[in-house]
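Read the structure below first, then the notes.
The values are calculated or read from the model by the stated rules, or taken from the named source; none is laboratory data. Just so it is clear, the model here is predicted, and its values are computed rather than measured. Glycine also receives a Cβ, built like all others from the backbone with ideal geometry; neighbour counts cover every protein chain displayed. Accessible surface areas use protein heavy atoms only, side chains included; no ligands, DNA or RNA. Shrake-Rupley method; radii C 1.70, N 1.55, O 1.52, S 1.80 Å.
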There are 2 protein chains.
Amino acid sequence: MTDKIDGKDDAIWLHCSNSAVRRASRQLNQLYEDAMGDTGLKGTQFSLLSQIGFSNKPSLKVLAETMVMDLSALGHTLKPLIRDGLVELFPDDKDKRVKRVRLTQAGVAIQRDLTGRWRIAQDRFDAAFGQEKSEELRHTLAFIASPEFAKAFEGDA
Amino acid sequence: MTDKIDGKDDAIWLHCSNSAVRRASRQLNQLYEDAMGDTGLKGTQFSLLSQIGFSNKPSLKVLAETMVMDLSALGHTLKPLIRDGLVELFPDDKDKRVKRVRLTQAGVAIQRDLTGRWRIAQDRFDAAFGQEKSEELRHTLAFIASPEFAKAFEGDA
DNA sequence: GGAATTTACTGGCATATGCCACCAAATAGA
DNA sequence: TCTATTTGGTGGCATATGCCAGTAAATTCC
């Protein structure tokens, strides 16, 4: 039964929510980067810069949890931003294990610039998808990304 | 204004659909891989194996488009699967530029095994999220991943 | 207070993805 | 037919992410 009838029978992303989300993610990444593109910064980097801007000097741990990212993945992802002087790490006063993150001046400037470009992309998304549905979708996705959802997914028994 | 009031003011994923999808994607990847985990294969590899199984010896180009992936990215992603003998490439009869993909016997077996494990994860997702909403979400995401949506996003003018 | 355990990061390794430069085959044009 | 252009893939380079194995600092337990 491996080879179905012939051509485009079925598709994994119509059955698997994980595949569906990843696939949509690739598309959006494309669309948003086209719209913001020429700064050389990626969509993820914009997200990260923005979230760091929104936050108050978060520790790597906290930022990673917030972003629903592995701590080490966050560390890796920050490297190019640190190298390019957009972000900097500094030690916590109380706990010497902890490193906190903040935007540099350059980072703030870039983030501001990116936000303008991002806005265009987001407006296009809302136009194509519907403003209301857009917001609803983001909330839905935030729920899926929440610890409560993870608990419901795993825990229920 | 870089540092807002204090703690958890706002979040980029509540404003940016792209960030929202990526973040949810990270969570789901985690959850699904935990549930399927011990085969050593990733969620993406399951998607790919499944889609190759669903398709009829697609060319790399076609498969890439179907998966909404960059052609070269697909090539890279297939490498470990080819190396491990789950998938194989073979030339097209007519067009010597074209390479087609298919599962090997081992690939078919693994895919079958993975499908069983995946089903558990998907059932948990449906249970936690709601069967109906789950299906609806997949359709929504398929729409977002569609060329029509890309056109609407870019083209409208 | 000192050993055992936990916590926050780092570094190495592997996959996931994309862009760009290049190559070869196929196709359009003259 | 010969040349210019288009197409389908590959390889190199860079970021995105995650796991695992340390490491050092903090906390828990005698």
Closest-to-axis residue of chain B (Cβ criterion, axis taking B to A), whole Å
B:25, 2
Please identify the trypsin sites (Lys or Arg not before Pro) of the range A:84-157 that satisfy two criteria: DSSP loop assignment and at most 14 other Cβ atoms within 10 Å. Which are they?
A:94, A:96, A:97
Please report, for residue A:95, the nm distances (one decimal) from its label point, 7 Å out from Cα along the beta-carbon direction, to the equivalent points in the remaining copies, shortest first.
5.6
Restricting to DSSP H runs of at least four residues, report the calculated mean residue ellipticity at 222 nm for the protein assembly as shown, -39500 (n - 2.57) per run over all residues, nearest 500 deg cm²/dmol.
-21000 deg cm²/dmol
Simple SL model, points at 7 angstrom along Cα→Cβ for residue B:132 and residue B:154; separation in nm is 3.7
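Ignore the peptide's own chain and count Cβ atoms of other chains within 10 Å of each Cβ in A:50-58; give me the average, rounded.
Shielding by partners across A:50-58 averages 6.
Please give the FRET efficiency for residue B:89 paired with residue A:94, using the beta carbon to beta carbon distance and R0 = 51 Å, rounded to the nearest 0.05.
Numbers: r = 56 Å, r/R0 = 1.10.
Efficiency at R0 = 51 Å is approximately 0.35.
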Per the Debye formula with a single identical scatterer at each Cα and no solvent contribution, what log10 I(q)/I(0) holds for chain A at q = 0.17 Å⁻¹?
-1.16
Restraint check, A:57/B:133; A:42/B:61; A:42/A:99; A:79/B:133; A:151/B:42, Cα-Cα greater than 31 Å:
A:57/B:133; A:79/B:133
Within a 10 angstrom radius of each residue's Cβ in B:122-130, how many Cβ atoms of other chains show up on average? Whole number is fine.
4
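At 0.36 nm per residue, minus the direct Cα-Cα distance, what do residue B:123 and residue B:139 gain on full extension? Give it in nm, one decimal, please.
Between residue B:123 and residue B:139, full extension yields an extra 4.0 nm.
When you look at the Cβ of every residue in A:131-142, what mean number of other chain Cβ atoms sits within 10 Å? Please report the intermediate quantities before stating the final value.
Working: counts 0, 0, 1, 2, 3, 1, 8, 11, 3, 7, 14, 7.
Per-residue shielding by partner chains comes out at 5.
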About the Cα centre of the protein assembly as shown, what is the dipole size in debye to 20, counting +1 per Lys and Arg Cβ and -1 per Asp and Glu Cβ, all else neutral?
980
Hey, for residue A:62 with labels 7 Å out along Cα-Cβ, what do the inter-copy distances come to in nm, ordered shortest first?
5.3
So what are the ³J(HN,Hα) numbers for the range B:38-43, from phi and the Karplus equation (6.51, -1.76, 1.60; θ = phi - 60°), rounded to whole Hz, Gly and Pro as x?
4, 8, x, 8, 8, x
So the label point sits 7 Å from Cα along the Cα-to-Cβ vector; using that for residue B:34, what distances do you get to the other copies, in nanometres, sorted shortest first?
3.6
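Ignoring ligands, DNA and RNA, what percent of the accessible area of the protein assembly as shown is carbon or sulfur (1.4 Å)? Before the final figure, lay out each step's value.
Numbers: 8650 of 16420 Å².
Answer for the protein assembly as shown is 53 percent, counting heavy atoms of protein chains only.
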